[in-house]
Amino acid sequence: MKEYEVLVQTINPCGGEAHDKKEFLEVEAESPEAYVKANAAYPIMDSVVKSDGDVVITTGDGKGNFVKYIFTE
């Protein structure tokens with residue numbers, strides 16, 4: 001298991017990113033994808049590894065509600 005710092009950014013259709021809710025977590029997981037699959041309210045829509053090594057996973061309900069998870073080792 002690896003340890004990650006995770007920024008969880010919740011975005012709703014009314015407020016958009018200007019009124020998002022942010023939460024920082026420290027988690028242990030096999031992988032970022034495994035953590036999100038086990039804990040997210042919505043299915044994974046997109047997963048990207050940034051050039052700095054951070055993993056960004058976006059989940060959503062298809063109706064404008066999104067939760068973005070940014071994992072840093």
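Given the DSSP H assignment, sum -39500 (n - 2.57) over each helix run of at least 4 residues in the chain and divide by its residue total; what's the result at 222 nm in deg cm²/dmol, nearest 500?
-3000 deg cm²/dmol
Which is farthest toward the positive dipole end of the stretch 17-73 among G64, N39, S51, measuring Cα position about the Cα centre, with Cβ charges +1 (Lys, Arg) and -1 (Asp, Glu)?
G64
Using only the alpha carbons of the chain, what is the convex hull's orientation-averaged projected area in square nanometres?
Result: 4.7 nm².
No value in this document is a laboratory result; all are computed from the given coordinates. Small disclaimer: the values here were computed from a predicted structure and weren't measured. Don't worry about glycine lacking a Cβ; one is built from the backbone with ideal geometry, like all the others, and counts go over all protein chains shown.
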